[in-house]
Amino acid sequence: MVPSARNTKRNSTKQPLIEQRSQRINLVISVITIVVCLLALRLAYWQVLPHAEPAETALNESETAAQPDRTPRGSIVERNGALMAVDNTWYFVWVSPNSLARIKETKREEYAKELSPLLHIPQDQLLTILNQSDKPYVALTDIFTKLPLDDGEKLLDLSHGYPWLGVKPRYYRVYPNGMLASHVLGIVDQEKSCGRYGVEEYYDQLLQNGSPTAENCPSSQGPNPINEFLTGDTTRAENSSVTEVVQVGMRTLTPSQNQADLVLTIDRGIQYLVEKDLESALRQLHAQSGTVIVMEPKTGKILAMANRPTFDPNNLRQADMLKLVNPAVSEYYDPGSTFKILTVANALKSGLFNPQSIFHDTGALRYGGITVHNWDNAGHGDVNLTQILGLSLNTGAAYLNTKLGPRRVISYTLQLGFGTPTGIDLAGERGGKVKVPGDGEWHEWDLVTNAYGQGISVTPIQLATAISAIANGGLLMQPQIVDTVLDHGVVRHRESKVIRRVYSEEIAHKLSNMLTESVAMETEKALVPGWAIAGKTGTSNVYYNGVISEDRFIGSFIGWAPADDPQFLALIIIQGVQGNDYWGSQSAAPLFQKVAWQLFHYMHIPPDQMRQAARVTGLPKP
């Protein structure tokens, strides 16, 4: 039977449709096959072949390796060029054990044997780590692991051929002198790379040199301290020039062109002897703590600032975090009778008194609902202002303040800088506490107790700065810790800053002479034969949680020398003294004597007779 034309046409159109569907199915199957093959290859790559990406990925995802990268931090040297703080390199080392899962164990043993002496990790312990095939990341070092430079560099070279080994050089802060001047220097937070406390925090932005980590530090919210070396002194800025070398004391330094370094006013030799003698005195007196400040009264430059207890900035894991705060600028205390220097100075300034003015001392003075007594509970009859200082009469100081009145006393006190920070370039400075009428804390009796340094809270640096104004001829100076910034090769010196004149030269000179006479009257334990010293003792209470201690006291002494041409002023504070030696004349004055004697020789200060003879004859100083 011959098919009809209609059936032939239908069959001819159906066949191409079947072929097209078959081709599409084959194409889909081919695509699926290719995708499956690619996934299989990728899986084999991750699970079988050793490579670098897992180690890098693990590092990026690991919280333990989250220390931010930073540029090298500027160095810190003292006034003679000795290094006080510098960056060193540590090596962050990690491995990806899962990248070694398909490698023979004998090969892992070879790796452990090779790396063990470089990492200073026992071979069997290291092999155990490399055998942990389920772990993509294991850190082998941390900030406290200080690998030798040679070992770190060898590991870095090996990491280029071992993709499962990661090595990254990073920086950590080193303090070559250990605990010396630790409160002045501060520390660097190794996790956040931020300066904390002291110079490290105050000059953090400058020392970090634009590091990306700097913007996350507390110091980023404050003013840039470099302005203190430029503001109001365009001549100095214009004259600053890039230099290849700079003379710092006896040393010649080469300023870095890539960072900013600091030169301190601190003298390492003076700092050392002060810290050594302070520690010895505290041990001998069984005292709890102490502070010593040595400064140039004419410039405000700090030569030494020591505290005990202290800490080792190279070993913060063993440090008590509370001891990182610098008591010299951050802790309040009642200055006691050392404040009588300022009470007498204010009396002379008022014009109501002169050095020969007479006060009749009965041994007690009633004012504001309280009765003021002398330390010896005795009356001394008619005394002048020099004797008020020499006998350390509470009644005499209180009498002077009653005659000046609250308004004048408070005004003079605030002019001396009490109640506000001095502006010293150290982080964490506090302003003290001055009670004033109407503030809710003032009592009428505060007028008389403040006269002998009770009921007014000051910091050691405030008192040293205020009394320096007597020693230097009446000028209140801003204390300073950093003398020079070596700013990317530009040498920027910082000039001494006068805050204001608080006493006339005449008053300052008269009071200095009075204190030279009165200190011999008060205690010979502060004197050094051959040199005239002006100074005053102090004794005050220790407060625990706002309550006066019954058996612990603060002994202090402040003095300067030579009295007629002061080269240094020293404040000694001994806290928590027990027993019969708590008076400032017994606890602090002997330490001042010891420190002063060493300073005369260390600073090459001739005895008064030689110095004055040279002045008369016109010969150079010996």
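The values are calculated or read from the model by the stated rules, or taken from the named source; none is laboratory data. Keep in mind the model is a prediction, meaning the values are calculated, not measured. Glycine also receives a Cβ, built like all others from the backbone with ideal geometry; neighbour counts cover every protein chain displayed. Note: areas computed on protein heavy atoms with side chains; ligands, DNA, RNA excluded. Shrake-Rupley method; radii C 1.70, N 1.55, O 1.52, S 1.80 Å.
Overview of values
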| quantity | calculated |
| --- | --- |
| Residue list for the stretch 296-313, restricted to those being in contact with a Gly (Cβ under 6 Å, 6 or more places away or on another chain) and either part of a helix (DSSP H, G or I) or not basic (Lys, Arg) (or both) | 312 |
| Test: residue 595 is open to solvent by less than 70 Å² (accessible area, probe 1.4 Å) and modelled with pLDDT of 95 or more | yes |
| Considering residues of the stretch 204-220 that are modelled with pLDDT of 75 or more and either among the β-branched types (Val, Ile, Thr) or within 18 Å of residue 75 (Cβ to Cβ) (or both) only, the residue surrounded by the fewest Cβ atoms within 10 Å (Cβ to Cβ) | 209 |
| Subset of the stretch 314-325 (residues that are touching a residue at least 60 places away in the same chain (Cβ under 8 Å), part of a loop (DSSP other than H, G, I, E, B) and open to solvent by 60 Å² or more (accessible area, probe 1.4 Å)) | 314 |
| Some residue of the stretch 540-552 being of a type in the set (Val, Ile, Thr), surrounded by 15 or more Cβ atoms within 10 Å (Cβ to Cβ) and either more than 23 Å from residue 456 (Cα to Cα) or modelled with pLDDT of 95 or more (or both) | no |
| Subset of the stretch 68-80 that is open to solvent by 10 Å² or more (accessible area, probe 1.4 Å) and not hydroxyl-bearing (Ser, Thr, Tyr) - its residue that is modelled with the lowest pLDDT | 68 |
| Number of the condition not met by residue 563 [criteria: (1) in contact (Cβ under 8 Å) with a residue 24 or more places away in the chain; (2) more than 22 Å from residue 300 (Cβ to Cβ)] | (2) |
| Any hit, the stretch 173-181, residues being closer than 30 Å to residue 94 by Cα, touching a helix residue (DSSP H, G or I) at 6+ places or on another chain (Cβ under 7 Å) and at pLDDT 75 or above | yes |
| Scope the stretch 70-112; condition more than 44 Å from the chain's Cα centre (by Cα) and not aliphatic (A, V, I, L, M); matching residues | 98, 99, 102, 104, 105, 106, 107, 108, 109, 110, 111 |
| Test: residue in the stretch 151-160 that is open to solvent by 30 Å² or more (accessible area, probe 1.4 Å), at pLDDT 90 or above, among the polar types (S, T, N, Q) and more than 30 Å from residue 83 (Cα to Cα) | no |
| Which listed residue is of a type outside the set (Asp, Glu), buried (at least 16 other Cβ atoms within 10 Å of the Cβ) and in contact with a helix residue (DSSP H, G or I) (Cβ under 8 Å, 6 or more places away or on another chain), from 350, 337, 330 | 337 |
| Qualifying residue in the stretch 504-518 (condition: charged (D, E, K, R), out of contact with any strand residue (DSSP E or B) (no Cβ under 7 Å at 6 or more places or on another chain) and at pLDDT below 95) | no |
| Residues within the stretch 494-503 that are surrounded by fewer than 19 Cβ atoms within 10 Å (Cβ to Cβ) and touching a residue at least 40 places away in the same chain (Cβ under 8 Å), tallied | 5 |
| Test: residue 311 is open to solvent by 20 Å² or more (accessible area, probe 1.4 Å), touching a residue at least 24 places away in the same chain (Cβ under 8 Å) and either in contact with a helix residue (DSSP H, G or I) (Cβ under 6 Å, 6 or more places away or on another chain) or of a type in the set (D, E, K, R) (or both) | no |
| Residue count, the stretch 74-96 (criterion: assigned to a strand (DSSP E or B) and more than 27 Å from residue 167 (Cβ to Cβ)) | 4 |
| Subset of the stretch 276-300 [in contact with a strand residue (DSSP E or B) (Cβ under 6 Å, 6 or more places away or on another chain), surrounded by fewer than 21 Cβ atoms within 10 Å (Cβ to Cβ) and modelled with pLDDT of 95 or more] | 279, 289 |
| Positions within the stretch 181-203 being free of Cβ contacts under 8 Å to residues at least 60 places away in the same chain and open to solvent by 10 Å² or more (accessible area, probe 1.4 Å), in sequence order | 189 |
| Filter result for residue 265 (open to solvent by less than 70 Å² (accessible area, probe 1.4 Å), among the β-branched types (Val, Ile, Thr), at pLDDT 95 or above and closer than 20 Å to residue 490 by Cβ) | yes |
| Tabulated pairs, the stretch 585-602, first more than 12 Å from residue 556 (Cβ to Cβ), second part of a helix (DSSP H, G or I) and open to solvent by 40 Å² or more (accessible area, probe 1.4 Å), C-beta under 7 angstrom, 6+ apart or interchain | 590/525; 593/525 |
| So residue 48, is it open to solvent by less than 70 Å² (accessible area, probe 1.4 Å), under 30 Å from residue 484 (Cβ atoms), modelled with pLDDT under 95 and not polar (S, T, N, Q) | no |
| Count of the stretch 512-535 residues which are crowded, with 19+ Cβ neighbours inside 10 Å and closer than 12 Å to residue 390 by Cα | 9 |
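Residue by residue, here is whether (1) out of contact with any strand residue (DSSP E or B) (no Cβ under 7 Å at 6 or more places or on another chain); (2) among the basic types (Lys, Arg); (3) modelled with pLDDT of 95 or more; (4) under 30 Å from residue 480 (Cα atoms) holds:
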residue: 392; (1), (2), (3), (4): no, no, yes, no
residue: 404; (1), (2), (3), (4): yes, no, yes, no
residue: 407; (1), (2), (3), (4): yes, yes, yes, no
residue: 412; (1), (2), (3), (4): yes, no, yes, yes
residue: 416; (1), (2), (3), (4): no, no, yes, yes
residue: 424; (1), (2), (3), (4): no, no, yes, yes
